[in-house]
Amino acid sequence: MNHRRAIIVCLVAIFPAVVTTQGRGGRPAATDETTALRPARVFDGDALHDGWAVRVKGDRIDAVGPAASIAADGAKAIDLAGATLLPGLVEGHSHVLLHPYNETTWNDQVAHESLALRVARATNHLRSTLMAGFTTVRDLGTEGAGYADVGLKEAVDKGIVPGPRMLVSTRAIVATGSYGPKGYASE
């Protein structure tokens, strides 16, 4: 639970800065604004480091290391006492256009839910995924939603929908008869 809280603290701290620097088309505007994030510790993907800080210039991480070594004159400082910052997580196999099968079966989602409903749900899934600390998702097939993943990726890229960077594959390629929906007569 503490790691989840730390991720949310990090994203909540950074997200308003990104939103307020949105340029034309929702893209982050070019800016030289520097922010120093000062958590209790930083996890670099390998080890936990007490007393480290993260310097962000514009919308990019510029430096990470011992707090004294990354100080920047004129930087806006954000204290994150007690928090742990970590790199954004990567989800390697997602289907943002589906929701849990204990809510609705795969067959019913694919055969009976409208594309508009599935895309609306997906926008919520993308926001929740980002707020859980995932900064990249690899979405592996739209499960009958055509190229909707490409549109969602574009909406995220343009800042219309908050979400992680998306690597999309569009329509799945499967062997005939090996994949659902099941129980329907073939034509």
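Taking the Cβ-Cβ separation of Arg171 and Arg138 as r and a Förster radius of 22 Å, what is the calculated FRET efficiency to the nearest 0.05?
Calculated transfer efficiency: 0.90.
Taking amide H atoms as placed 1.01 Å from N in the peptide plane, list the residues 5 or more away in sequence, or in a different chain, whose amide H sits under 5 Å from that of Gly180.
Residues meeting the amide H criterion: none.
Along region 63-78, what does the Karplus equation 6.51 cos²θ - 1.76 cosθ + 1.60 (θ = phi - 60°) give for ³J(HN,Hα), rounded to whole Hz, x for Gly and Pro?
In residue order, the calculated couplings are 7, 9, x, x, 3, 5, 7, 10, 4, 9, 4, x, 6, 6, 9, 10 Hz.
What residues have an amide H closer than 5 Å to that of Gly144, excluding those fewer than 5 places away on the same chain, when H is modeled at 1.01 Å from N in the peptide plane?
Here Ala172 satisfy the definition.
Cα to Cα, under 13 Å, and not fewer than 8 places away if on the same chain: which aspartates and glutamates meet these conditions relative to Lys153?
Asp139
Quick one: which residues, 5 or more positions from Ala63 or on another chain, have an amide H under 5 Å from its amide H? H modelled 1.01 Å from N in the peptide plane, none for Pro or chain starts.
Amide H to amide H, under 5 Å and 5 or more residues apart or across chains, Ala63 pairs with Arg55.
Label points 7 Å out from Cα along the Cβ direction at Ala71 and Val90: separation in nm?
3.6 nm
On a full-extension model of 0.36 nm per residue, what is the gain between Asn107 and Val150, subtracting their alpha-carbon distance, rounded to one decimal in nm?
Length gained between Asn107 and Val150: 13.2 nm.
Which three extents, in angstrom, do the Cα atoms of region 44-187 have along their principal axes, listed largest first?
69, 30, 26
Straight-line reach from Lys57: which aspartates and glutamates fall under 16 Å, measuring Cα to Cα and dropping same-chain residues less than 8 apart?
Output for Lys57: Asp32, Glu33, Asp73.
Taking the highest mean first, how do the peptides 108-117, 135-144 order by number of other beta carbon atoms within 10 angstrom per residue?
135-144, 108-117
Going by average Cβ neighbours within 10 Å, how do the peptides 155-165, 84-94 rank, with the highest at the top?
Order by mean packing, descending: 155-165, 84-94.
Values quoted throughout were computed directly from the atomic coordinates according to the rules given, and no laboratory measurement underlies them. Everything numeric in this text was worked out from a predicted model, so none of it was measured. Cβ: placed from backbone, ideal geometry, glycine included. Neighbour counts: every protein chain shown.
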